[in-house]
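The values are calculated or read from the model by the stated rules, or taken from the named source; none is laboratory data. These figures come from a predicted structure and were not determined experimentally. Heads up, the Cβs are rebuilt from the backbone with ideal geometry, glycines too, and the neighbour counts pull from every protein chain shown. Ligands, DNA and RNA are excluded from the accessible area calculation, which covers all protein heavy atoms including side chains. Shrake-Rupley method; radii C 1.70, N 1.55, O 1.52, S 1.80 Å.
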Amino acid sequence: WISERKDVLSGLFFMLTLAAYLHYVRRPFSAWRYGLVALAFALGLMAKPMLVTLPCVLLLLDFWPLDRLELRPGTPLPPTASRLPFRRLLLEKLPLLALAALFGGLTVVVQDEAVMGLEAVPLPWRAGNALCAYATYLRQTLVPTGLALFYPHPGTGLALGKIAGSGALLGAISAVVLLQWRKRPYMVTGWLWFLGMLVPVIGILQVGGQAHADRYTYLPQIGLFLMGTWWISDQLAAFRFRRAALAAVAAVVLAAMGFAARAQVQYWRSSQTLWNRALAQTKANHVAHCNLGIVLAGQGRYEEAMAHYRQAVQAKPRFAEAHFNWGLALATTGQHAAAIGQFRAALAIAPRYAEAHSSLGVALIREGRIDEAIGHFQAALQTRPGFADAHYNLGSAYALQGRFEQAMEHFRRALEIKPGLYEACFSMGDIDVAQGALAGAIAHYGHALEIKPDFLPAMNNLAWLRATAPDPRLRDGAQAIGLAESLVAASGGRDHSHLDTLAAAYAEAGRFAEAAATARRALAEAPPGTDLSKIEERLHGYQAGRAWRMEP
């Protein structure tokens, strides 16, 4: 959001297209110079398809300042150029218009799921919102205050008075501009530039849930700046100190914009300040509530996060992402039954929501409903075959059912897609242990630790195998002690299972007194109700000078 790379790139190629077009029209026709225009335009479209209206901007520039249109007598062109009828100029733009149509069509196809249907917001209301958006863009250009990252679409809740007022304002400005087309042609070019470049994003074809967006105005605003710049120049044409006055006006405008920009940047200190600002500047902003909830959940503030998810759903009941994130927060806090309800609500709105299927499956496993969970993991993979986490979760479900071969296959698929999925390596190690393949388990636990050196479960299991494996070739007392001591330090020395592992490692190295002392610490740290018979059995062995061995 901050870098807006695609906007910067499209803006660069927009300007290069204008420069190439100027180079083209100031000389006799040349296919390679026209090709340069088309190339720059195509690159701009690849960066951001909002440039589809650029051929129309070129037609406006033909009117003013290039003076290529027969309709308006004006300053003679260079000897190599001549004025042309509109149909000739339009014909000249046909290849560029074809490029625009191609990229526009591709964009609609790619964004098909994001396109809002007419049943959600009927066409008359879209037109009304478009009029209000134009008026808002105009106001925000002149007075850039009250800006927000996301402005929720009002749907059918727009006030008719606001629509009428916006339409009247735009109509009045358009009438004044068109009446001056001979005297001040720059007004026509600038105003139509502003109106025309916003057409793809004004909301008639509604993509996403925003009423309007600040980022849409970067290039359309140039038209307004053209109008203002030349109008001020006209007003000062007869002024004796014209150049100094223009410099002063420019300095004042730049200083004001700099001050406004500096104030706006303060809201971008963090995601939390950004979304709080959006909530302060808008009403019923479901996106801001949801994203602020995600930020708070990332900070471990789950109750606050869930309050924002609740408000997001109140603002927009059919908001699948809010239900999904609410479910994640509930699952993280152990409220699995409630989480299942939220995941199901998300899937009722978006049945192909792969992440919701996968997370619902995990919650169902926590409730012991493994067969039902498997169905949701499979549904997630039908939608997204390359969804690594769903492969991992499906493998875990199969492992719980003892279907180890199928589990291993999905763990391997998960690692192929997402090599850094250390949990899959760990789970494969557990399956190897269950099947008695301890050498494979050691390799898998080791791989998990290579990916995530501080992954305590893998550290614990690897240390245990290195200390207690029945095959002496697999034991390594020094490595077991190193791992187990790091493990105990990481958990603060209060986890009885980690102390049990360290005791077994000391015993493997022949340090039986330390092994016995550590085993007694494990007994003391164990929570009430824990079965301690195995630790006590091992303690007796250490006291007798025997290391503990797993059964082969």
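Looking at segment 53-69, can you tell me whether even one residue there is part of a loop (DSSP other than H, G, I, E, B), at pLDDT 90 or above, open to solvent by 20 Å² or more (accessible area, probe 1.4 Å) and among the aliphatic types (A, V, I, L, M)?
Yes, that holds for at least one residue.
Go through (1) open to solvent by less than 50 Å² (accessible area, probe 1.4 Å); (2) in contact (Cβ under 8 Å) with a residue 60 or more places away in the chain one by one and return the number of the condition residue 281 breaks.
The single condition residue 281 does not satisfy is (1).
If you go through segment 119-140, how many residues are assigned to a helix (DSSP H, G or I) and β-branched (Val, Ile, Thr)?
At the first step, the residues of segment 119-140 found to be assigned to a helix (DSSP H, G or I) are 123-140.
This time we only want the ones that are β-branched (Val, Ile, Thr), so: 136.
Count: 1.
With (1) part of a loop (DSSP other than H, G, I, E, B); (2) under 21 Å from the mean Cα position of the chain (by Cα) as the list, and residue 289 as the residue in question, which single condition is left unmet?
(1)
Say we look at segment 428-448 and pick out the residues that are free of Cβ contacts under 8 Å to residues at least 40 places away in the same chain and not in a helix (DSSP H, G or I); which of these is surrounded by the fewest Cβ atoms within 10 Å (Cβ to Cβ)?
435
In segment 246-260, what residues are touching a residue at least 12 places away in the same chain (Cβ under 8 Å), open to solvent by less than 70 Å² (accessible area, probe 1.4 Å) and within 30 Å of residue 149 (Cβ to Cβ)? Write out each step before concluding.
Residues of segment 246-260 touching a residue at least 12 places away in the same chain (Cβ under 8 Å): 246, 249, 257, 260.
Filter once more, keeping what is open to solvent by less than 70 Å² (accessible area, probe 1.4 Å): 246, 249, 260.
Within segment 246-260, 260 is the sole residue that qualifies.
Looking at this structure, is residue 395 of a type outside the set (A, V, I, L, M, F, W, C), free of Cβ contacts under 8 Å to residues at least 60 places away in the same chain and either closer than 30 Å to residue 295 by Cβ or open to solvent by 30 Å² or more (accessible area, probe 1.4 Å) (or both)?
no
Just the residues that are more than 20 Å from residue 301 (Cβ to Cβ), in contact (Cβ under 8 Å) with a residue 24 or more places away in the chain and either open to solvent by 60 Å² or more (accessible area, probe 1.4 Å) or within 17 Å of the chain's Cα centre (by Cα) (or both), please, taken from segment 314-333. Spell out the reasoning first.
Residues of segment 314-333 more than 20 Å from residue 301 (Cβ to Cβ): 315-320.
Restricting the remaining residues to those that are in contact (Cβ under 8 Å) with a residue 24 or more places away in the chain gives 315-316, 318-320.
Within segment 314-333, 316, 318, 319, 320 meet the criteria.
Select, from 321, 303, the only residue that is more than 29 Å from residue 120 (Cβ to Cβ), modelled with pLDDT of 95 or more and not small (Gly, Ala, Ser).
So the residue among 321, 303 that is more than 29 Å from residue 120 (Cβ to Cβ), modelled with pLDDT of 95 or more and not small (Gly, Ala, Ser) is 303.
Looking at the structure I just gave you, is residue 346 open to solvent by less than 30 Å² (accessible area, probe 1.4 Å) and either within 20 Å of the chain's Cα centre (by Cα) or in contact (Cβ under 8 Å) with a residue 40 or more places away in the chain (or both)?
So residue 346 fits the description; yes.
Only residues that are open to solvent by less than 40 Å² (accessible area, probe 1.4 Å) and not in a helix (DSSP H, G or I): list them for segment 1-20, please.
Residue satisfying the conditions is 4 alone.
Which pairs do you get when a residue that is without any contact (Cβ under 8 Å) to a residue 12 or more places away in the chain, found in segment 531-547, comes within reach of a residue that is open to solvent by less than 60 Å² (accessible area, probe 1.4 Å) and in a helix (DSSP H, G or I), reach meaning Cβ atoms under 6 angstrom, with the pair 6+ apart or on two chains?
Sorted first by the residue in segment 531-547, then by its partner, the pairs are 532/523.
Grab the helices (runs of 4 or more DSSP H) fully contained in segment 141-245, keeping just those with 3 or more residues being surrounded by fewer than 13 Cβ atoms within 10 Å (Cβ to Cβ).
Hits in segment 141-245: 160-179.
So, of the residues in segment 476-502 that are part of a loop (DSSP other than H, G, I, E, B) and not hydroxyl-bearing (Ser, Thr, Tyr), which turns out to be farthest from residue 542 (Cα to Cα)?
492
Among the residues of segment 536-552, write down those that are touching an Asp or Glu at 6+ places or on another chain (Cβ under 6 Å) and farther than 15 Å from residue 513 by Cα.
none
State all residues of segment 449-475 that are in a helix (DSSP H, G or I), farther than 15 Å from residue 434 by Cα and open to solvent by 10 Å² or more (accessible area, probe 1.4 Å); if no residue qualifies, say none.
Correct list: 449, 450, 451, 456, 457, 459, 460, 466, 472, 473, 474.
So in segment 518-529, with the set limited to residues that are open to solvent by 50 Å² or more (accessible area, probe 1.4 Å) and out of contact with any Lys or Arg (no Cβ under 8 Å at 6 or more places or on another chain), which one is nearest to residue 551 (Cα to Cα)?
Checking each candidate, the answer is 520.
So which residues in segment 493-516 are in contact (Cβ under 8 Å) with a residue 12 or more places away in the chain, among the aliphatic types (A, V, I, L, M) and more than 11 Å from residue 481 (Cβ to Cβ)?
Selection gives 499, 516.
Kindly indicate which of 211, 263, 237, 248 is under 24 Å from residue 10 (Cα atoms) and among the small types (Gly, Ala, Ser).
211 is the lone residue from the list that is under 24 Å from residue 10 (Cα atoms) and among the small types (Gly, Ala, Ser).
Mind listing whichever residues of segment 442-463 are within 20 Å of residue 424 (Cβ to Cβ) and hydrophobic (A, V, I, L, M, F, W, C)? Working first, answer last.
Initially, segment 442-463 is screened for residues within 20 Å of residue 424 (Cβ to Cβ), giving 442-462.
Scanning segment 442-463 gives 442, 443, 448, 449, 451, 455, 456, 458, 459, 462.
Being part of a loop (DSSP other than H, G, I, E, B) and either under 19 Å from residue 491 (Cα atoms) or aromatic (Phe, Trp, Tyr) (or both) is the filter here; which residues of segment 503-527 pass it?
Correct list: 526, 527.
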